[in-house]
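Below you'll find the structure, written out as structure tokens, and then a few comments.
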Amino acid sequence: MQPDGTPLLSVDNLEVHFPIRAGVLQRQVGAVKAVDGVSFILERGETLSLVGESGCGKSTTGLALMGLVKPTGGHVNFDGQEIRSFSSAALKAYRRRMQIVFQDPFSSLNPRQRVRDIIRAPLDIHAIGSKAERRARVAELMERVGLRPDQADNFPHQFSGGQRQRIGIARALALSPDIIVCDEPVSALDVSVQAQILNLLGDLQRDLGVSYLAVSHDLGVVEYISHRVAVMYLGRIVEIAPKTDIFASPTHPYTELLMRSAPSHDPRQRHQFSATSDDIPSATRKPSGCAFHTRCPLASDICKRVDAELTTRADGRLVACHNK
């Protein structure tokens, strides 16, 4: 938190709806509510992970914060300022302070560019430093992420998957951002390489004080890198708590289902909690009330009629559930 008590990033009721069009005139006949009222804060030097099943809206949330997807509603305050009111110049400055590491280290790098050009691109776009200073910055960044500066003239295809992700991380660090959105940063890598990249991200956070908004479906990764965890279901957050609380004693029925669905190293361990249905509702036609009530074994009549708001419990965690 800032000295004045303002969080580095505050998201309030963020919405991203994609129109569904049909007919000759392409009239809108519905909408995919990918993000449907998401709220959270991110402090300086903190890692907040967004987790949930595929299609829950976690990646779209990160892209919306980056400006790569246009929000249809809500407010995003960065360092106490509403970004939707930014002028073009202010928006460009904001983009210097928030960067992204993409999921796929193969498609996220231009195969026709040399590594030095890829890492230097943000510096060129924002006209930072002289040519000599940019060359020095590229060499510094490559060393910081565990690459040799003499590899700067190589092309992406000359590197392994883990090395390519290091290049992506170096590019994200070029402008010394305050926040990096990590969109499934290790899911495309071998397990042994995943550990190396996660350790690198941890070292960078410790040394530079950068904040991470991590998007992942891998609960092992989430438990390793997070300070707090936000659980998403069908475009909404259903629980936010410190990672130790989430993994030790999940409160929301969906969070409990998610934790118990993770593979166990103990073949004797049996699942004690299961959904009443494995049929996930569509984001185009969400159930009335709480969207999880069609799968929840604790659902009551109020769950079918009234959506549960995210409220603070006595233990400090935020939970959206009528029966917990």
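A short reminder: the numbers here are calculations on the coordinates, not readings from a lab. Bear in mind that the values here come from a model prediction, so they are computed numbers and not experimental data. Cβ sites come from the backbone with ideal geometry, for glycine too, and all protein chains shown count toward neighbours.
Worth a mention:
- The range 106-203: trypsin sites (Lys or Arg not before Pro) in DSSP loop, at most 15 other beta carbons within 10 Å: ARG112
- Exposure proxy order (Cβ contacts within 10 Å, fewest to most) of CYS182, CYS296: CYS296, CYS182
- Extension gain, ARG260 to GLN113: 0.36 nm times the residue separation minus the Cα-Cα distance gives 48.5 nm.
- Ordered by the number of other Cβ atoms lying within 10 Å of each residue's own Cβ, fewest first, ASP36, ASP150, ASP104 fall into the sequence ASP150, ASP104, ASP36.
- Longest site-free stretch - the chain; sites: chymotrypsin sites (Phe, Trp or Tyr not before Pro), DSSP loop, at most 15 other Cβ within 10 Å: 107-272
- Over the C-alpha atoms of the chain, the Rg to Rh ratio, Rh being the Kirkwood estimate, stands at 0.99.
- Taking Lys and Arg as +1 and Asp and Glu as -1, the other residues whose beta-carbon sits under 13 Å from that of CYS290 total +1.
- The range 52-153: C-alpha gyration tensor shape, a/c 1.5 cut-off, then a/b vs b/c: oblate
- Rel. contact order, % - alpha carbon contacts under 8 angstrom, at least six apart, the chain: 19
- Kirkwood Rh in Å, taken over the range 119-257 so that all alpha-carbon pairs contribute: 16.7
- Trypsin sites (Lys or Arg not before Pro) restricted to DSSP loop in the range 32-81 with at most 15 other C-beta within 10 Å: ARG44
- Value at 222 nm in deg cm²/dmol, rounded to 500, when DSSP H runs of n ≥ 4 in the chain each add -39,500 (n - 2.57): -9500 deg cm²/dmol
- Using the Karplus relation 6.51 cos²θ - 1.76 cosθ + 1.60 with θ = phi - 60°, the per-residue 3J(HN,Hα) values for the range 127-137 come to 6, 9, x, 7, 4, 5, 5, 5, 4, 5, 5 Hz, with x marking Gly and Pro.
- For a straight C-alpha distance cut-off of 23 angstrom, the lysines reachable from LYS243 (same-chain residues fewer than eight places away being disregarded) are LYS58, LYS324.
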